[in-house]
Amino acid sequence: MKYAPIVLFVYRRADHTRRTLEFLRGNPEAAESDLIVFSDGAKNESDAAQVAEVRQLIREIAGFGSVRVVESERNQGLAASVVSGVTRVLEEYDRVIVLEDDMETAPGFLQFMNRALEKFAGEERITSIQGYSPLEPEPGISCFLRRWPIKPAIIKNASTINKAPTADTLSPNVRVSRYNFPASLPCT
């Protein structure tokens, strides 16, 4: 099986990034997975040293099939960085696994995501798969190229996005649903 690339978004938290990478490397599939790291630029001078520390860390990443680092000279903000980064990666790949710098994955996370992406590749109703734990409120996600829900028009102005995509920025054929599973924390 060809593994989906892992796209990691980082900013100024070296300790968080280090832990995220350690947990990712705990997945056997990591050694054969492409890792693409997007590092956002500093918002201001006070963040510059922390961003530099993170960039030093990500330039030395090992333990993956390949590592590519993309450094933004200016600060885009998380939402715009994710939208432009995922869109960019999906120009090269047909699927992607997306993480932020404060996510800790279980040893079976990459296996789950890759198997789920493979299983649902032909199912047009499935746009993304999320790895969720009540202890980790921010799920890791994976999605498919032809179902990436962000409208192309929003990509042109990605630097102006200040919040997560809304129904207005999603393709018209995307239905947004929220689920509360038994014994889970409520979705907001």
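The values are calculated or read from the model by the stated rules, or taken from the named source; none is laboratory data. Not measured: the values here are computed from a predicted model. A quick note on method: Cβ atoms are made from the backbone with ideal geometry, for glycine too, and the neighbour counts reach across all protein chains shown. Surface areas here come from the heavy atoms of the whole protein model, side chains and all, with no ligands, DNA or RNA. Shrake-Rupley method; radii C 1.70, N 1.55, O 1.52, S 1.80 Å.
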Taking Cα centroids, how far is region 8-46 from region 56-135 in Å? 10 Å
So who's got an amide H within less than 5 Å of the one on residue 106, skipping anything under 5 residues away but keeping other chains? H placed 1.01 Å off N, in plane. none
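Compute the accessible area per residue over region 44-113, keeping the other protein chains in place, probe 1.4 Å, unit Å². Don't jump to the answer; show the numbers that get you there.
Working: 3490 Å² over 70 residues.
That works out to 50 Å² for each residue.
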Amide H contacts under 5 Å for residue 96, restricted to residues at least 5 apart in sequence or on another chain and with H modeled in the peptide plane, are 143
Simple spin-label estimate for residue 124/residue 111, 7 Å along Cα→Cβ, in nm, reads 3.4 nm
Taking amide H positions as placed 1.01 Å from N in the peptide plane, with prolines and chain starts having none, which residues 5 or more places from residue 69, or on another chain, fall under 5 Å of its amide H? 37
